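Report on the following structure.
The values are calculated or read from the model by the stated rules, or taken from the named source; none is laboratory data. Model, not experiment: these values are computed from the prediction. Quick reminder, even Gly has a Cβ in these numbers, built from the backbone with ideal geometry, and neighbours come from all protein chains shown.
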Amino acid sequence: MLIAGNWKMHTDLSAAQVLARNVAAAVAERGAALDDVDLAVCPPFISLEAVRDELADTDVAVGAQNMHFADEGAYTGEVSAPMLHSVGCRYVILGHSERRQYFGEDDAGVNSKVQQAVDHKLIPIVCVGETKAQRDGGDAEAVVRTQVRGALKEVPIEGAEQLVVAYEPVWAIGTGDTATPEQAEAMHAFIEEVLAGLYGEEMAPDIEVLYGGSMKPHNARSLLEQPHIDGGLIGGASLRAEDFLGIADAAVTATKGPIA
């Protein structure tokens, strides 16, 4: 199970260091209790190296929030996969709904970035999800199917550990609304079916599919107990170490029972 924090455009360098330090301390307090939960944080680009250093003595991985589709070039303001690899990133979030909404990213563009991430041994966290209008119109599955297939078109992976998908119902991001556990589970199961069509029925169940819509400590357990929900992509709740680790605690409880 993976719990990944997306810090978005929050924290300057100093605040990011403090937050990472607090995450490291909270992880240390829990010790072996978190052995079966993978943790990652995705800070702004300017803080990647500093956050990596703060987390050096932990198993918390570092990821980026976006990247370009080319190794290098005249792309002012962009960051490449080799750059991310050089500062120790393991993950990169691609196709987040905010990138689609505010920066015009589409499935073809996301696909080119996913290809690049896999080529450079970064694990893409590929985001998919429908708007409220699309869900209300009965098009949620069709939208998500198109996004999954588009983002992963001709992307070869040798093992399930090379890819993560995050289902983020757009209507539940930053709104305080959350899909019910039943709604989220149904879509996660559907995404697994789509992945099976791309990568085979043997590999698909092992590809982690995270829930990414306003997961908080108080609702995390009910979501993470669902059989097809393999973790969370956490926004606002990842900006406080105890909230972030509270979700990690819920992941442990959902799979193993209460932490002793």
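General observations
- Filtered residues of the range 198-229 (kept if crowded, with 24+ Cβ neighbours inside 10 Å, without any contact (Cβ under 8 Å) to a residue 40 or more places away in the chain and assigned to a helix (DSSP H, G or I)): Ala220
- Verdict on Glu192 being in a helix (DSSP H, G or I) and either in contact with a strand residue (DSSP E or B) (Cβ under 8 Å, 6 or more places away or on another chain) or surrounded by 15 or more Cβ atoms within 10 Å (Cβ to Cβ) (or both): yes
- Tabulated pairs, the range 56-71, first over 22 Å from Ala20 (Cα atoms), second of a type in the set (Lys, Arg), C-beta under 9 angstrom, 6+ apart or interchain: His68/Lys113; Phe69/Lys113
- Among the residues listed as Gly129, Gly150, the single one being buried (at least 23 other Cβ atoms within 10 Å of the Cβ), closer than 29 Å to Leu84 by Cβ and in contact with an Asp or Glu (Cβ under 6 Å, 6 or more places away or on another chain): Gly129
- Counting only helices (runs of 4 or more DSSP H) that fall entirely inside the range 1-118 and contain at least 1 residues that are crowded, with 18+ Cβ neighbours inside 10 Å and touching a Lys or Arg at 6+ places or on another chain (Cβ under 6 Å), the qualifying elements are 48-54.
- Any hit, the range 43-61, residues being in contact with a Ser or Thr (Cβ under 7 Å, 6 or more places away or on another chain), modelled with pLDDT of 95 or more and either assigned by TED's automatic domain parsing to the domain that holds Glu168 or among the polar types (S, T, N, Q) (or both): yes
- Residues of the range 139-189 satisfying the condition of being in a helix (DSSP H, G or I) and small (Gly, Ala, Ser): Ala140, Ala142, Gly150, Ala151, Ala160, Ala172, Ala184, Ala186, Ala189
- Meets criteria (outside any helix (DSSP H, G or I), more than 15 Å from the chain's Cα centre (by Cα), closer than 21 Å to Ala64 by Cβ and in contact (Cβ under 8 Å) with a residue 24 or more places away in the chain) for Ile125: no
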